Amino acid sequence: MQNLFIDLTEGCSELRPLAPADLILGGRALTLKLAQDRVPPGSDPLGPANILVFAAGPLAGAGISSAGRLSVGGKSPLTGGIKEANAGGTAGDSLARLGLRSVVLTGSRPAGDWAVVLVDERGTRFEAARDLVGLGNYALAERVKERYGDGYTLISIGQAGELRYLSAGVSVTDLEFRPSRLAARGALGAVMGSKGVKAVLVKRNGTYRQRGRDSEAFSAARKAFNDTVRGSERTAVLAKYGTAGTLMVVEKLAALPTRNFSQGRFEHAEDISGEALLALITARGGAGRNSHPCMAGCLIRCSNVIPDAAGAEAVAPLEYETLCLMGSNLGLGDLDAIARLNRLANDFGVDTIEVGATLGVMAEAGLVAFGDAEGFARIVEELPRGSLLGRVAGNGCALAGRLLGVRRVPAVKNQACSAYDPRGVKGTGVTYATSPMGADHTAGLTVFAKVDHHDREGQLALSRSVQVSRAAYDALGLCVFLQSAVGGQPGLVVDLLRSLWGIELPADYLTVLGSEVLADEGRFNRAEGLGPETDRLPEFMETEALPPLGLTWDIPRAELAALLDGLAQKGE
């Protein structure tokens, strides 16, 4: 197993075998280690000194359910600190089957000299991409298929990445070659654009097999793991409703971001709920699917395909975060309107959370009315044009708030809060404030814990525990939805690692791994000047009561700083 380093400045590449001690180093842990080793503190995230890492986990390509996530990492232009965003699709498995743990982009292409990078059994090569510049992800995927066939995974940026927007993500194709699985958060698509790379193509279905793939021990461990995932009640719920099933849970908690985080409940919540989405898919039929895998062998199948009124595909997938940030947060209670915004966002290659939050700020400033679906669509359509309005919409809610004089800006470390108002889900609020990743629910979501989410007691410990476990899963390339099925049995994951790679690991390996990742991320951020003073929620959440229950953020900043100190001491 090797890491592939691609020097864009020199136009060359080098394969470096993993050291024996790094056989199971992957995902978020690997992107972090490479950034620590190669990105000098204070470097411009959009300069040639930054790197961009595409990393698989150590369990990718081995027939394990939901183990092929792709981690994309580097220094974030949005937060100024370390960032890892991960996506489903076929990229993680494709890397593993070529015997690659990661592809690392270093340096940058000459200005205006855009490239496609091809990675397959023949090695690495560069091809001119001038004719592909300006294409959205969907048109790009069609052009790539015509030119190179369908035997590759496509990792790409839309126009937002080319324009280096702070909402730009990195797109990955799914099993049907849709470029709609986004490593969306933290503006890593802008980093890819700054390097002059429009797309990376990775050959699918390589022949590399991990050392223990054919052993009896691994076969038994894989069966036990997959059987547990298959038999989970939560797996069945996700397969039926997808992530949209979360919406009414958060609505009942009065924590559903509505009209720029000014309310916690939405009068049209039921119209955009998981139940409503399932009913729409069922009624329209056609291309619609309520249960769909984003990668081979996934037993959870939480993705979906949304049909339009004629039964043709409107967008795939439509997730909870988008239903909220581009739905309730904008006062939109129409699934078709949200699907349209989602499709545009996928095409242009932007984070629906960041852009949705930014549109909410723009509505707060009076540039568009809450509930005006056409008005929001017109603004989103400005993104690829690079107009002033498009640049405001594309460069994050924190910048939009400063430009437009809006005080209610839902961001931490400049990154927009996702679809759980911290005043109503306080454990997740702790995560927003303290995670090295900024306001990112994927770093430690607590909404499904059996606690009083409105009570501050116990939330620090809950967030800390979830942050550790999620960091471990991200480091292993595992879909976070596996936690609901196997999270209580960490030995299932440890057995997979032991038997596949023939190494000894302690029973508490996942806790050790997650703690080390968080500690090192904290050190990276402190070197970038992101200390305890940046680990806080927006002040308006402390002073502005959230209707209808009058909830406020009431966890003292000193307690948040103490939690961070405890994490940072790990491994020192």
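The values are calculated or read from the model by the stated rules, or taken from the named source; none is laboratory data. The shown structure was predicted, so the numbers you read here are calculated from the model rather than taken from an experiment. Virtual Cβ from ideal backbone geometry, glycine too; neighbours counted across all protein chains shown. Heads up: the accessible areas ignore ligands, DNA and RNA and are worked out on the full protein's heavy atoms, side chains in. Shrake-Rupley method; radii C 1.70, N 1.55, O 1.52, S 1.80 Å.
Tabulated data
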quantity: Rel. contact order, % - alpha carbon contacts under 8 angstrom, at least six apart, the stretch 389-475; calculated: 22 percent
quantity: Accessible solvent surface per residue of the stretch 470-541, calculated while the other protein chains remain in place, 1.4 angstrom probe, Å²; calculated: 35 Å²
quantity: Descending Cα extents along the principal axes, the stretch 201-334, whole Å; calculated: 55, 35, 30
quantity: In Å², nearest 10: area of THR352 left accessible to a 1.4 Å probe; calculated: 20 Å²
quantity: Mean accessible surface per residue for the stretch 1-43, computed with a 1.4 Å probe while every protein chain stays in place, in Å²; calculated: 45 Å²
quantity: Full-extension gain in nm, GLU10 to ALA279, via 0.36 nm per residue minus C-alpha separation; calculated: 91.4 nm
quantity: Surface accessible to a 1.4 Å probe, LEU98 within the full protein complex, Å²; calculated: 40 Å²
quantity: Calculated P(r) tail over 37 Å for the chain, as whole % of Cα pairs; calculated: 24 percent
quantity: Cα convex hull volume per residue for the stretch 432-534 (Å³); calculated: 114 Å³
quantity: Mean separation of Cα contacts under 8 Å, 6 or more apart, over the residue count of the stretch 238-291: relative contact order %; calculated: 40 percent
quantity: Per residue, in Å², the accessible surface of the stretch 143-186 once ligands and nucleic acids are set aside, probe 1.4 Å; calculated: 27 Å²
quantity: Alpha-carbon radius of gyration plus Dmax, which is the widest Cα pair, for the stretch 59-117 in Å; calculated: 14.1, 42
quantity: Rounded FRET efficiency, nearest 0.05, which uses the C-beta distance separating ALA545 from ARG125 and R0 of 35 Å; calculated: 0.05
quantity: q = 0.13 Å⁻¹, the stretch 134-258: log10 I(q)/I(0) [Debye, one scatterer per Cα]; calculated: -0.84
quantity: Cα centroid of the stretch 281-346 to Cα centroid of the stretch 450-524, whole Å; calculated: 29 Å
quantity: Distance between modelled label sites at ARG211 and GLN2, nm, 7 Å Cα→Cβ extension; calculated: 1.8 nm
quantity: Among the listed pairs LYS33/LYS145; LYS83/LYS240; LYS33/LYS195; LYS195/LYS413; LYS195/LYS426; LYS33/LYS198, those beyond 29 Å (Cα-Cα); calculated: LYS33/LYS145; LYS83/LYS240; LYS195/LYS426
quantity: Solvent-accessible area of GLU142 with every protein chain in place, 1.4 Å probe, in Å² to the nearest 10; calculated: 100 Å²
quantity: Length-normalised contact order for the chain - Cα pairs under 8 Å, 6+ apart - percent; calculated: 16 percent
quantity: Stokes-Einstein diffusion coefficient of the stretch 416-458, Kirkwood radius over Cα pairs, 20 °C, 1.002 mPa s, in µm²/s; calculated: 212 µm²/s
quantity: Debye intensity ratio I(q)/I(0), log10, the stretch 254-395, q values 0.20 Å⁻¹ (C-alpha model); calculated: -1.17
quantity: FRET efficiency, GLU457 to ILE503 (Cβ-Cβ, R0 45 Å, nearest 0.05); calculated: 0.65
quantity: Charge context of ARG234, other residues only, Cβ under 13 angstrom, K/R +1, D/E -1; calculated: +2
quantity: Rounded percent of accessible protein surface that carbon and sulfur make up, the chain, 1.4 Å probe; calculated: 51 percent
